[in-house]
Every structure is written in structure tokens, then in C-alpha cells.
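In what follows, a structure is listed as C-alpha cells, so that the remarks can point back to it.
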Amino acid sequence: MNFYRARFLLTMEGAAVENGALLIHEGRVLGVGPYEELKTWVAGEPEDLGEVILLPGLINAHCHLEYTFLRNAVSASGSFTKWIQRINAAKRNQEDADFLQATAFGAEELSRFGTTAVVNIESIPEVLAQRPELPLRVWWSYEMIDVRLRSYGEEAARGAMSVFDAPAHPWQENSVSPHAPFTASPVLYRLAAEAAQKEGLLFTTHVGESQEEMMMYREAGGALFDFLAGLGRDMKDYGGTTPLRHLIERGGLRTDHLLVHLNELAAEDYPLLARWTGGRQFSVVHCPKSHAFFGHSRFPYDELLGVNANICLGTDSLASNDRLNLFEEMQLFAKHHPEVSPVEILEMVTQNPAKALGKKGALGVLREGALADFIAVPVGQVSREEVFDAVLHYRGAVPLVVVNGKKVRG
């Protein structure tokens, strides 16, 4: 049993608790609340963490750890398609061991900046098969692509599922991730969706990421269209639609799937979303720094909220970012959306992704019975009412990171 005391405790289910305490037993929260109350539960003294804010660990809802080796190596150059081509070229020069090392380095960086759980997209089967032990909770999402294959759908799906034969780590879960509607066939999407539903796996996919993607679907032209045509992809399904509409109508998409980006949407996509969901909530991941890297259109936060989207934040990869730091993602989001409160922004890296991952009440909060994933953020001279804002604007490494009740940092 572990007993912690801190100046402030932020449960993400109400106001900050001053002189707060946390009691942990066998990887779960046994007690949470004022120190004066919890100290009567145990005989020993707590580990006094001093002038810090204890809060749930941050959840990164979208990342590509295998691209950690690409920090500052690929420029946007005003073209999403050229960026993809440069990444493909860089990957061809790497060995399996390089991707494994990059994944480990990226995970260490996430942990240093307070992330305790991540949805990690991996395109290298060997990385998934070897499953390096990382200092955080991981959803291993195999990136499924069949655009280059002669045999579509079933072959790619079987290959994807075979990588999940590796022994599971208690902090790790499997996930499927058809890359995007322009690189994964409708057959592959449907098979992946069926497998996810049958096995209880997370399903996540990119959609509506770039203007070039929108141009390809709307006008059957542009740089991305030409690139895919050059790969031999059948281009008959392009023209007169949008990436989102194409995916909803042909890809077997469900409202419990995690949609990444939705940067570029047409006016008709919002009533389409409303009809598709039937009022049910669906989850979207926004990656602010990657978004800025490409100069995408303004993220449609208000419009997505209007159709009942559950908005989460992610870092994406170091191919389009300079650091795997969710605090920086929150700060950039706050700059572009000043009308959104610090509480709501913090929910995008705690409660909201927990809900998207099917872990509502278990992650993203500090309550009795929740998984013991939490961090400590040093606090300056702030009042109880200023705690959320202080966390939002925190800069630097996090001195204490606990995952499943185990200290991984500090």
C-alpha cells in the first residue's frame, strides 16, 4: 500500500482538493480526498510530495512512436504528399532494431512529459511482435495498408491479426488501425471493424487530414491523387465526395471507432455526421502541433462539438512535431481556441480519451477503484481556483510519474 500527500489533488471530477492525499493498493486507487480524512485510514506516514499538484496521468490518443528518429528530419514543404514520400524514403533506410529503439526513445519522452497512456500506431510488424516493455500503458495499433497489395483485404487483415500473437504485457492492449481511406480498401476496413468488434479491440483510423486528401476526393485530382495513381491504385472511387463521406458509406465505420484528425471537412459533412451517429457521441483526436506544422485549415472544434464529438488530443509523431509533450499540445490548443476553459482542455487529455478507449472511470480520473496512473506537477504560488490554469501552462519535465501503481519516474 502506498500513501501520498500533496498540496493540491486534482481528481478531474470537481474542484481541486487542497492538502490532498491518495491511497494506492495493488495498482488501483483505494482512497482519494483530503489528507486529514485519509490519514485516519492508515497507521504510517504518507510520502509527502510537497508543493505539487497530483492529477491523473495524461493520455495521448494518437502517436507514431516508430517515427521518433525523424525529429526535425522532414519538412512540410507545403505538400502533404511530398511529406509522405519523404517518410517512406526515410523508413526504407531503417532496420527493425532502429524502429524498436525509436519506439523506446519516444516512450521515454512521453513519460518525461507526463503521459501515462498512449495509442501508438505501428507499421512495422516486427516491433509489434517483439513488444518492447515501455514505461506507460500502450494500445498497440497495427497500421493496416493494402493499397500496394495485389491481393486486397483478407490477406492484409490476416497478416495484421497475426502480429497480436505475441505475449501480452499487463499494461498493453491490442488495437487495429486501417491507415486511411486512400490507403486501405473498404474490404480491409470492414474486416478490421469486424475483428475489432469480435475481439473487443480499439479501432482507430486517419481521415480528413489534409487539403490534398480533400481535393482528391472532391475533384479527383491533385498531388495525392497523382501519387496514388502512380502506385497502381484503382482511382474510380474518387470525385464528387469527401474523405469522411467515402469512409462512412464504404468503410464499415462505427461510432465507437476513434477518428484521427478531421482537419478538412466540407459543410455537408456535419449533417452527415449527425445522421450517421443518430445523436450518439463519437470520438475525434486533434493533434495541434502537427496541425500547425502542415498549416491545415482551422480545426473545426465548435462544429464538431455541435454534432456531439468527444474531442481528444494527441501529439502525432516527430515527423510532424518537435516534441512528444501533451502540455505543449494543450497550450497551442488554448492559443487557437481561447474560449475553451482550462478544465475542458485538460479533459481532452484525461477523461475524454479514457472514454474513447472504453476506460471511462478507470483512467483519466482519480477516484476509488480507478487504475493508479497519476503524475505530480510542481506548483508555484497559486490559489485553489488557479490550479487548472497552472497545470495547463506547466512547462518542463514531470518529476513523478506512476503507472498502475508503480513509479516509472521520480
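A few remarks follow.
- Residue match in region 272-286 (condition: closer than 15 Å to Phe182 by Cα, in a helix (DSSP H, G or I) and either of a type in the set (Phe, Trp, Tyr) or more than 20 Å from the chain's Cα centre (by Cα) (or both)): no
- Test: residue in region 129-139 that is in the same structural domain as Ala180 (by TED's automatic domain parsing), surrounded by fewer than 24 Cβ atoms within 10 Å (Cβ to Cβ), at pLDDT below 95 and more than 23 Å from the chain's Cα centre (by Cα): no
- Test: residue in region 265-287 that is in contact with a Phe, Trp or Tyr (Cβ under 7 Å, 6 or more places away or on another chain), crowded, with 24+ Cβ neighbours inside 10 Å and modelled with pLDDT of 95 or more: yes
- When region 236-257 is limited to residues that are in a helix (DSSP H, G or I) and of a type in the set (Lys, Arg), the one that is nearest to the chain's Cα centre (by Cα) turns out to be Arg245.
- Any hit, region 219-235, residues being at pLDDT 95 or above, surrounded by 19 or more Cβ atoms within 10 Å (Cβ to Cβ) and either under 24 Å from Ile311 (Cα atoms) or within 20 Å of the chain's Cα centre (by Cα) (or both): no
- Candidates Glu13, Glu66 - the one that is touching a residue at least 24 places away in the same chain (Cβ under 8 Å), part of a loop (DSSP other than H, G, I, E, B), closer than 24 Å to Val402 by Cα and of a type in the set (Asp, Glu): Glu13
- Among (1) in a loop (DSSP other than H, G, I, E, B); (2) surrounded by 15 or more Cβ atoms within 10 Å (Cβ to Cβ); (3) under 27 Å from the mean Cα position of the chain (by Cα) - the single one Val260 does not satisfy: (1)
- Ile345 buried (at least 19 other Cβ atoms within 10 Å of the Cβ) and outside the structural domain of Ala397 (by TED's automatic domain parsing): yes
- Filtered residues of region 1-43 (kept if charged (D, E, K, R) and closer than 17 Å to Asp373 by Cβ): Glu13, Glu26, Arg28
- Lone qualifier among Ser297, Ser317 - being at pLDDT below 95 and of a type outside the set (D, E, K, R): Ser297
- Qualifying position, being β-branched (Val, Ile, Thr), surrounded by fewer than 22 Cβ atoms within 10 Å (Cβ to Cβ) and assigned by TED's automatic domain parsing to the domain that holds Leu265, among Val187, Val207: Val187
- Selection count, region 116-147, where residues are of a type in the set (Asp, Glu) and touching a helix residue (DSSP H, G or I) at 6+ places or on another chain (Cβ under 8 Å): 3
- Pairs linking a residue in region 378-391 that is under 11 Å from Arg7 (Cα atoms) to a residue that is among the β-branched types (Val, Ile, Thr) and in a loop (DSSP other than H, G, I, E, B), with Cβ atoms under 9 Å and 6 or more positions apart or on different chains, are Pro378/Val398; Val387/Val379.
- In region 348-375, the qualifying residues are those that are in contact with a strand residue (DSSP E or B) (Cβ under 8 Å, 6 or more places away or on another chain) and of a type in the set (Lys, Arg), and the one that is surrounded by the fewest Cβ atoms within 10 Å (Cβ to Cβ) is Arg367.
- All positions within region 343-383 that are within 21 Å of Glu328 (Cβ to Cβ), more than 15 Å from the chain's Cα centre (by Cα) and assigned to a loop (DSSP other than H, G, I, E, B): Asp373, Val379, Gly380, Val382
- Hey, Glu212 charged (D, E, K, R) and more than 20 Å from the chain's Cα centre (by Cα) or not: yes
- Residue check, Tyr35 more than 23 Å from Asn325 (Cβ to Cβ), surrounded by 20 or more Cβ atoms within 10 Å (Cβ to Cβ) and among the hydroxyl-bearing types (Ser, Thr, Tyr): yes
- The set of residues in region 384-405 that are in contact with an Asp or Glu (Cβ under 8 Å, 6 or more places away or on another chain) and part of a strand (DSSP E or B) comprises Val402, Val403.
- From the options Val74, Val52, Val29, residue that is under 30 Å from Val284 (Cβ atoms) and at pLDDT 95 or above: Val29
- Residue that is free of Cβ contacts under 8 Å to residues at least 24 places away in the same chain and at positive phi, where the choices are Gly369, Gly361: Gly361
The values are calculated or read from the model by the stated rules, or taken from the named source; none is laboratory data. The shown structure was predicted, so the numbers you read here are calculated from the model rather than taken from an experiment. With ideal geometry, Cβ positions are generated from the backbone for all residues, glycine too; neighbour counts draw on all protein chains shown.
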